[in-house]
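Enquirer: Attaching a single structure in structure tokens format; questions to follow.
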Amino acid sequence: ALLLSIAPLCPSSVLEVFERAAPRSDSDEFLTSDIVRRQRWVWLLRALAYAPASFDRAAALLARLCAANVGQRDHSNGRSSFEELFHIVLSGTRARVEQRIAIVRNLSEHTSTEFRELALVALGGLLQTGHFTSSHDFSFGARSRDFGWHPTTNEDLANWYRAALALAEEFCQKGSPFRLKTRAMLARHFR
């Protein structure tokens, strides 16, 4: 509760606390903590991902949290919250599409199957074209927040989907382990 309360005052320090706690040998308890605590960690990491300067660190930590809890029912909405970070609207982050795509590429190159699956979850978020909803509370203490970056011109919109489709094209290359799932994902997103 104390960590959640002070997070808006010093977000970079809170990110450092997460980064120190997550990779330790006893981090499994931290990463797979009870549902209520996990929900708080998910909310906090989403809030910390708002600023482009902290997006990479917060998204990476949220990915670790999601990967550590694979196979469990996602009561904490970790995977859906992670996917929402990659939506064109209601993402809760000001990070641009290039920064988000860099995270997806990093995840796709990971040795762990769980992280590679999260790359596909994020790609699905990038490709989403409608029916946007968010389970995230966008408030963060006294800090002024909005719903995150969103396109303000048709060019913004075109650039977003151009970049997302280019990434999907990379994932569809012959020999890619993501080929079949990406093709199925594209088929679901385009009628």
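Enquirer: Can you give the relative contact order of the chain as a percent, counting alpha carbon pairs under 8 Å and 6+ residues apart? Provide the component values of the computation, followed by the final result.
Expert: Values: 232 pairs, mean separation 38.0, N = 191.
Relative contact order of the chain: 20 percent.
Enquirer: For the chain, what does -39500 (n - 2.57) per DSSP helix run (n ≥ 4), summed and divided by total residues, give at 222 nm, in deg cm²/dmol to the nearest 500? Numbers along the way, then the final one.
Expert: Values: 10 runs with 115 residues, N = 191.
So the calculated ellipticity at 222 nm is -18500 deg cm²/dmol.
Enquirer: If Lys and Arg each add +1 and Asp and Glu each add -1, what is the summed charge of the other residues whose beta carbon sits under 12 Å from the beta carbon of A122? Please list the in-between numbers first.
Expert: On the way: positive: R79, R100, R105, R116; negative: E83, E84, E117.
After counting each charged neighbour, the total is +1.
Enquirer: I'd like the accessible area for W41, computed on protein heavy atoms only with a 1.4 Å probe and all protein chains in place. Round to 10 Å², please.
Expert: Estimated to the nearest 10 Å², W41 gives 40 Å².
Enquirer: Then there's this: What accessible area per residue, rounded to a whole number of Å², is obtained for region 42-175 using a probe radius of 1.4 Å? Please report the intermediate quantities before stating the final value.
Expert: Values: 6170 Å² over 134 residues.
That works out to 46 Å² for each residue.
Enquirer: Counting only protein heavy atoms and using a 1.4 Å probe, what share of the accessible area of region 37-112 belongs to carbon plus sulfur, as a whole percent?
Expert: Working: 1500 of 3080 Å².
For region 37-112, the apolar C and S fraction of the accessible surface comes to 49 percent.
Enquirer: Another question about this same structure. Which percent of the Cα-Cα distances in the chain go past 31 Å? Please report the intermediate quantities before stating the final value.
Expert: Values: 2735 of 18145 pairs.
The share of Cα pairs beyond 31 Å in the chain comes to 15 percent.
Enquirer: What distance in nm separates the simple spin-label points at H150 and V89, each placed 7 Å from Cα in the Cβ direction?
Expert: Each label point lies 7 Å from its Cα, and together they span 0.5 nm.
Enquirer: Can you give me the distance in nm between label points at R20 and R143, each placed 7 Å from the Cα along the Cα-to-Cβ direction?
Expert: 1.9 nm
The values are calculated or read from the model by the stated rules, or taken from the named source; none is laboratory data. Keep in mind the model is a prediction, meaning the values are calculated, not measured. Counting neighbours? That spans all protein chains shown, and the Cβs are built from the backbone with ideal geometry, glycine included. Quick note on the areas: whole protein, heavy atoms, side chains included, nothing else; ligands and nucleic acids left out. Shrake-Rupley method; radii C 1.70, N 1.55, O 1.52, S 1.80 Å.
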